[in-house]
Amino acid sequence: MADTAQTTNQTDRTDLPQRSAVRSLLRLWPFIRPVRARLGTAACVAVLASCISLVIPLVLKWLVDGPVAARDPGGAWLGGAFLLLLGLAEALLFGLRRWLVARPLAGVEATMRETLYRHLQRLPVAFHDRWPSGQLLSRGTTDLQLLRMFFAFPLMFLLVNGVTILVGAVILMVQRWSLGLVLLAPVLPLMVLCSVFEAKYGRAARRAQDQVGDLTTVVEESVLGIRIIKGFGRHRSQARAFRELTRALRSTELGKARLLAWIWGCITALPELSIGGALVCGAVQVADGELSAGTLVAFLSTALALRWPVDSIGFLLAMSNEAAAATDRYFEVLDEPAVEDAGATTPAVQTRSGTATDSMASARETAAPDTAASDAPAPYTAASDATSPGTTAGAATAQGLVFSGVAFRYPDAPPDSPALLRDITLHIRPGETMALVGATGSGKTTLTALVPRLYDPTAGRISLDGRDLATISRDEARAMVAVAFEEPTLFSATAAENVLMGGAGALEDELRRALVVAQADGFVDALPEGSATQVGEQGLSLSGGQRQRLALARAVVGRPRFLILDDPLSALDVHTEALVEAALRQVLSTTTALVVAHRPSTVLLADRVALLAGGRIAAVGTHHELLRDNPEYAALMSGEGEGAR
């Protein structure tokens, strides 16, 4: 675990061509559109408040050239009162702007987070196999917080400060165009510097956000795997890996700070030099009588009022580039094509159930080495099943569960590698239980994952009661098919909620029946609050056997038409296994089931057995027939194949 933290993150895409920050940020418009009126109002209020600050120098000019020059105390008091009112108005308008944006932007962030979560639920399992969970977590938390801050401050003030600088430049040129040119001299150098800064800072911001995702992944793995870390004494190596990632992130953040210091120093120094030059030129003109003292005061006051809008350019550009990088990372996930049916709405309970099956399916078996064509077992054909009672004109249209020439290759597999599954042809009749046996790596778990459409076959077809699985919506397919994998996944919820995820609308009677079938009613009733007891994250407060029995109860609670069990009794002791098998026989008699089995006791639950070898179905028959006629099957069941498994 610790070693994986030191590898280069495959989702780090800083080496890809950089999209301009503006183009990236424009992709957020669909989320902003519903609140555009309120944000537009807030922008107008902020522009008005900022322009009020430019009126203050004009009042100062009147005060200096008027009441002060004429020694009129009444006029001075009037001017002071007017300045006070302008300051209060500016403060109130900025407060109003803040109030206008707070609620809608919180809603925008919530909408974006919900959109991301819904899309993650609809993405294929292959996507989750590739992406570290920490990268997804950072996109749904840190990146969206950056975007909300961008909407609230940089986006607003890029507009406000831009308008302020334009209005201020006009006022300066009107007051004294020669001094205005002196002040505007740094504009071109600043534009060039900002362009260079934007490109460099954008890459650094993206790198930092990817590193935060890597760090989140390590923290999550360390928390979930704390028993392994402590059990094997790996806390030092894990801490070392975390420290290396932290130092890498620190180095990137220091690089960002250096870039920001550099641009901020330039943006501050150049305007200050121009203000100093304008002050000297203006003082000379006042001394020569070419310029009034009030005009010089107003001119310099206007220039000083523009200091913050100009100085903030570097800071605002930095935040904008971080927001652009966060936007690119956000849409990297949303741009992934979802395999769920368009317009389908998935109830929350089914969504969480789908997450559980996705998580379990991701721990897939690796492909078995390819065998030479001359040594490959002859593929089993279901021709004899095609004419069995209850079927129609062929196996492809037969009732029950039918695999017809199914092949599968993982999307991330090398192009020249052999397919994991090749020409799988198998017919499980209605009400029949088929055991699937094979060496580790033969593809048993992968084959079972095709039935609930966690993956789609790359060739061939799968039929459920005569209907092509590819034409059945995933919602409907997963309502027909229930799964229980060898590695059970439980959620931070009550025991009852974990079980009822397998059956939308299931009642208390169904819950009790499922717990009895899985022989889980005894330990569940013994929990402090019974079935209402929180089982904790990943169900780690329970034993492995208890977790597996709850997962089995979840699979049978909805009385599914098709049941997929991936060695669901591997963590049980012999006595409990016998009790579960006895209760499970009643369930299997009323459903069509495919059961991955490693032990003879599990195989005996099945009516027939299919042997998976070399990516194909090598043989099908009863347990006793295969023991007598198939040496490979006999070796697996006798334990001689344990080394291979």
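Rolled with a 1.4 Å probe across the full set of protein chains, the surface gives LEU63 an accessible area near 20 Å². Among beta bridges from DSSP that stay inside segment 463-610, the antiparallel ones total about 25%. For segment 468-523, the fraction of alpha-carbon pairs lying more than 12 Å apart is 73 percent, rounded to a whole number. Residue ranges 250-261, 445-456, 616-627 sort as 445-456, 616-627, 250-261 when ordered by packing (mean number of other C-beta atoms within 10 Å per residue, highest first). Couplings for segment 136-152, taken from phi via the Karplus curve 6.51 cos²θ - 1.76 cosθ + 1.60 with θ = phi - 60°, read 5, 4, 5, 5, x, 10, 4, 5, 6, 5, 4, 5, 5, 4, 5, 4, 6 Hz in order; Gly and Pro are left as x. Once label points are set 7 Å from the Cα along Cα→Cβ at both ASP509 and GLU332, what is their separation, rounded to one decimal in nm? Reported label-point gap for ASP509 and GLU332 is 5.2 nm. Which of rounded, prolate, oblate describes segment 173-212, given a ≥ b ≥ c as roots of the alpha-carbon gyration tensor eigenvalues and a/c under 1.5 marking rounded, otherwise prolate only if a/b is larger than b/c? Prolate is the answer for segment 173-212, as a/c is 1.5 or above and a/b outweighs b/c. Its residue count N fixes a reference of 2.2 N^0.38 Å for segment 414-568, and the Cα radius of gyration divided by that reference is 1.14. Taking all Cα-Cα distances within segment 122-210, those exceeding 16 Å account for 73%. Under 5 Å from the amide H of GLY460 lie the amide H atoms of ALA407, each residue being 5 or more positions distant or on a separate chain, with H modelled from the backbone and absent for Pro and chain starts. By the Stokes-Einstein formula, at 1.567 mPa s and 4 °C, segment 200-341 with its Kirkwood radius over alpha-carbon pairs has D equal to 65 µm²/s. What is segment 548-645 by shape, rounded, prolate or oblate, if you read a ≥ b ≥ c off the alpha carbon gyration tensor as root eigenvalues and call it rounded for a/c under 1.5, prolate for a/b larger than b/c, and oblate otherwise? Prolate, because a/c is 1.5 or more and a/b exceeds b/c. With the highest mean first, a sort of the peptides 599-607, 558-566 on other beta-carbon atoms found within 10 angstrom per residue produces 558-566, 599-607. Remark: accessible surface ordering of GLU497, GLU476, GLU510 (largest first) is GLU497, GLU476, GLU510, probe radius 1.4 Å. The 3J(HN,Hα) values that the Karplus relation (6.51, -1.76, 1.60; θ = phi - 60°) gives for segment 519-530 are, in residue order, 6, 9, 5, x, 6, 5, 5, 7, 5, x, 10, x Hz. Gly and Pro appear as x.
The values are calculated or read from the model by the stated rules, or taken from the named source; none is laboratory data. This one's a predicted model, so the numbers in the text were calculated from it and none came from an experiment. Because the Cβ atoms are built from the backbone with ideal geometry, glycine has one as well, and the counts that use them run over all protein chains shown. Surface areas here come from the heavy atoms of the whole protein model, side chains and all, with no ligands, DNA or RNA. Shrake-Rupley method; radii C 1.70, N 1.55, O 1.52, S 1.80 Å.
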